């Protein structure tokens, strides 16, 4: 969905993220290096930031970087120990906010919170807005990934006036 | 502005903030070579507890120690929020341990977990400041903790980021970082209180690379510029750097410090005592900065994966 309107897609799961990337971005090969959580946040931000700019990125979820943590764990199993630096770098949830900051040249705040529900993010973002160094527009929302085909993102742009 | 009411550190250097700062003054370090702590992992130098610790009891003990210095009945109040700073939590679970910690104190609010890589401990203090200033709560218990695991050590080894010897921040001979574990707590309030207060905080992204710092120290410089608003470099008595002792981090911080005009300010780099305690680092290093100075103005800065940087300014008259 974008601004309340459904977006037509052919694929499902992770393939859907690639489909959306090809349709709405397509010029950023680094996308294919990203883990699913980052691909999800990246695509959602692409959709929302067409013609809009923001000063900060604040996201939350319940399970941090669990999908990629699990993938990394598979490279350090007993008797098969080949730790992957390419996977390890994505074992932090805030990497998605960094990927979006790089893509959209956002040098303001990037923050990631682990919360029980989306509603709990609201007072955090509101108090950030009220802070004296607060930015004018924040890309804020939920970005959760529990598996290759199991994810959910809900982002919005919040302005402080 | 928010006021520091109490604090604690539990680390391989000792139990309690005072024991920790005394250990540092005596030149003791928690760093040791570990050869058989985790299966398959190559020998590494780190500051680890002698006995492996469980995440939740360690956090609870640290928070109890900090709250124990205050009038009874703050932890269980509706006007108190628990904020946990961690990167890997309890065996990759971050939310469940936060709930357990808050529940242990009978706190009715849902806790907040800040997971902003190595900057988490400073970011959690900034989140506390904002929530308290907005009047949403009157007290915030900021707990920073990470314990080391096969997961983390193997990952940093795969990055070739670990020094085989005790780390040497800002030295031309520096060869990388050491990992460490600790739990630390600071209790803040929006009610005026004697002693240290948190006056300013800022978070900025380099928007440059997810695992390498900006060559121009962009995000760190912007953080320092923001927290210097209303004061001058001459007002700063101590700058607590991140000082991981990796080649790129310390070079980046040097550039940011110079750009911010802080090159004449004494710095403290605590990783040779604690290693990099990840989610605890920002809380531990803020407390030690306050105790080393006793009074004055202190800036604590951190940088981390995801290109994120953070800084806070504290003052005590």
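In table form, for the structure just shown:
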quantity: Whether the stretch A:1-68 is rounded, prolate or oblate, judged on the alpha carbon gyration tensor where a/c under 1.5 counts as rounded; calculated: rounded
quantity: Residue A:22/residue A:119 FRET efficiency (R0 35 Å; Cβ-Cβ; nearest 0.05); calculated: 0.55
quantity: Cα gyration tensor category, rounded, prolate or oblate, for the protein assembly as shown with a/c compared to 1.5; calculated: rounded
quantity: Counting DSSP beta bridges with both ends in chain B, the antiparallel % (nearest 5); calculated: 70
quantity: Extension reserve of the residue B:212-residue B:317 stretch, reckoned as 0.36 nm per residue once the Cα distance is removed; calculated: 34.0 nm
quantity: Rel. contact order, % - alpha carbon contacts under 8 angstrom, at least six apart, chain B; calculated: 26
quantity: Peptides ranked, highest mean first, by Cβ atoms within 10 Å: ranges B:273-284, A:84-95; calculated: B:273-284, A:84-95
quantity: Ranking of B:96, B:119 by count of other Cβ atoms within 10 Å, fewest first; calculated: B:96, B:119
quantity: Shape call, the stretch B:141-180: gyration tensor on alpha carbons, a/c limit 1.5; calculated: oblate
quantity: Relative packing of A:51-57, B:39-45, which averages over residues the other C-beta atoms within 10 Å, highest first; calculated: A:51-57, B:39-45
quantity: Rounded to 5, percent antiparallel among DSSP beta bridges of the stretch B:197-316; calculated: 75
quantity: Calculated FRET value between residue A:12 and residue B:26, using beta carbons and R₀ = 51 Å, to 0.05; calculated: 0.25
quantity: Virtual spin-label span in nm between residue B:76 and residue B:248, 7 Å along Cα→Cβ; calculated: 5.0
quantity: Inter-label distance for residue A:77 and residue B:170, nm, one decimal - labels placed 7 Å from Cα along Cα-to-Cβ; calculated: 4.7
quantity: Calculated [θ] (222 nm, deg cm²/dmol) that DSSP helices of n ≥ 4 give over the protein assembly as shown, each run adding -39,500 (n - 2.57); calculated: -9500 deg cm²/dmol
quantity: R0 of 30 Å, Cβ-Cβ distance residue B:229-residue A:126: FRET efficiency to nearest 0.05; calculated: 0.85
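Every number here is computed from the coordinates shown, using simple stated rules; none is lab data. These numbers come from a predicted model, not from an experiment. Using ideal geometry, Cβ is built from the backbone for each residue, glycine included, and neighbour counts are taken over all protein chains shown.
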